[in-house]
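The block underneath contains the structure these notes are about, expressed in structure tokens.
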Amino acid sequence: MSRAWSQCTIDSLCLRVTSGGTPSRKHPEYFVGPNVTGGVPWLKTKELDDTAVHNTEEYITKSAIAASSAKVLPRQTVVMAMYGATVGKLGMLATEMTCNQAVCAMVVDPNKTDPKFLFYRLLQDRPALVGLATGSAQQNLSGTVIKNFKVSCPPLIEQRRIAGVLGALDDLIDTNKRLIASLANMRAAAWSSVTPIANATLGSVAVLCADRATPSELSGDTVYLGLEHFAEAGAGLVSRGRAHGLDSQKSRFQRGDVLYGKLRPYFRKVARPDFDGICSTEIWVLRPSTDVTAEYLESVVSSQPFTDHAMRGSGGTHMPRARWDHVSGFPIAIPNAAEMEKVTRITEPMWRLMWSLDAENETLSGVRDELLPLLLSGAISVAEITP
């Protein structure tokens, strides 16, 4: 590491380090939708995923802010979850927001550090910081611990260079994610416009595949999808795991099969991978019959009516599971073959593009993750990797 790097506390790099608050739920008028004039995004820790935060599921009013300890935070505030299962999760505000009391907000002093650099610095140093968390039932970080945590910083100009390289990769990833979400919405809109002409049931147009793979048949290169990979996904995509170390039978799936998480709370987790692999037996592998296209089948099981139907017939008390004998009877209306093929010709290329963008993001993420520790330790400089 260069001698020019110095040890600085988080507090010394920030104009303020604070947390937010939760307006009283006794006043439902404090909480509004995203399209309400005057509403301000209100961030919760479950919405932090180590990326830029563009939006939140709940907004609050200015009167809610005045009546609580919530406060408006500026764009490029670095935020970190302080409590429980999400402790240490990071984000950076892409716009003005508020947050709840479980979020630590770091409003950077731009004369002392670059906000993106601080974000990447904390991402790299997270294990050490989370190691300072206390509590037996759940791990908690305090604002004081975060304020006093020391990080290694190069001169500001080098911080900006490092943030520029890593940020450029993350910006590409973020752009791809937004395009994927737009493509998913366009596909859904295309299928919502079809005119149904024939009545059928899910079981008459889809086969529940039960081909199993044993551990001895698998290699470390085999793609594995568990429910946890669905939980991290959006827009019908899944993150990829590997089959290394699995010790029980798994379900096989083929490229284009529709995968559906049959265990609550994964009833709306649907994907159609662009690759072969294996998955948890808690995931149904559905394959369309000759009467419908895979695109149409995916649109059916992604719909809210199907989710509601699956939930009504689910069995079990602790973690209810959807039952095939119930779900197979879900009534569906099939469009005529010509219209189905027409819409499929429109949506199928979108599906391929979504997976291509997802694969590109996996590559970009790998490059970023390789560069992060090298740049943040001073092992290499930006000058060494740029023309």
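Descriptive notes on the structure:
- Residue in the stretch 52-77 that is farthest from residue 114 (Cα to Cα), counting only those that are more than 26 Å from the chain's Cα centre (by Cα) and of a type in the set (Ser, Thr, Tyr): 63
- Unique match (being in contact with a Phe, Trp or Tyr (Cβ under 6 Å, 6 or more places away or on another chain), at pLDDT 90 or above, in a helix (DSSP H, G or I) and not charged (D, E, K, R)) among 168, 181, 163: 163
- Residue check, residue 124 on the phi < 0 side of the Ramachandran plot and part of a helix (DSSP H, G or I): yes
- Screening residue 88 against (1) touching a helix residue (DSSP H, G or I) at 6+ places or on another chain (Cβ under 7 Å); (2) assigned to a helix (DSSP H, G or I) leaves a single unmet condition, (2).
- Looking across 52, 64, 81, one residue alone is closer than 23 Å to residue 111 by Cβ, touching a helix residue (DSSP H, G or I) at 6+ places or on another chain (Cβ under 7 Å), buried (at least 18 other Cβ atoms within 10 Å of the Cβ) and not β-branched (Val, Ile, Thr). It is 52.
- Residue satisfying all of: in the stretch 167-217; out of contact with any Asp or Glu (no Cβ under 8 Å at 6 or more places or on another chain) and basic (Lys, Arg); surrounded by the most Cβ atoms within 10 Å (Cβ to Cβ) among these: 177
- Test result for residue 359, more than 26 Å from residue 160 (Cβ to Cβ), in contact with a Pro (Cβ under 6 Å, 6 or more places away or on another chain) and either outside any helix (DSSP H, G or I) or at pLDDT below 95 (or both): no
- Qualifying residue in the stretch 112-120 (condition: assigned by TED's automatic domain parsing to the domain that holds residue 21 and surrounded by fewer than 21 Cβ atoms within 10 Å (Cβ to Cβ)): yes
- Cβ-Cβ under 6 Å pairs, at least 6 apart or on other chains, the stretch 137-155 side over 20 Å from residue 21 (Cα atoms) and basic (Lys, Arg), far side surrounded by 14 or more Cβ atoms within 10 Å (Cβ to Cβ) and modelled with pLDDT of 95 or more: 150/9
- Neighbours by Cβ (under 8 Å, 6+ apart or cross-chain): first from the stretch 293-307, under 17 Å from residue 185 (Cβ atoms); second assigned to a helix (DSSP H, G or I) and of a type in the set (Asp, Glu): 295/348
- Screening 286, 374, 364, 353 for residues that are in the same structural domain as residue 212 (by TED's automatic domain parsing), at pLDDT 95 or above, farther than 19 Å from residue 192 by Cα and touching a helix residue (DSSP H, G or I) at 6+ places or on another chain (Cβ under 9 Å) leaves exactly one candidate, 286.
- Check on residue 115, over 25 Å from residue 138 (Cβ atoms) and out of contact with any Asp or Glu (no Cβ under 9 Å at 6 or more places or on another chain): yes
The values are calculated or read from the model by the stated rules, or taken from the named source; none is laboratory data. It should be emphasised that the depicted structure is a prediction, and the values quoted were computed from it without experimental measurement. We place every Cβ from the backbone using ideal geometry, glycine too, and count neighbours over all the protein chains shown.
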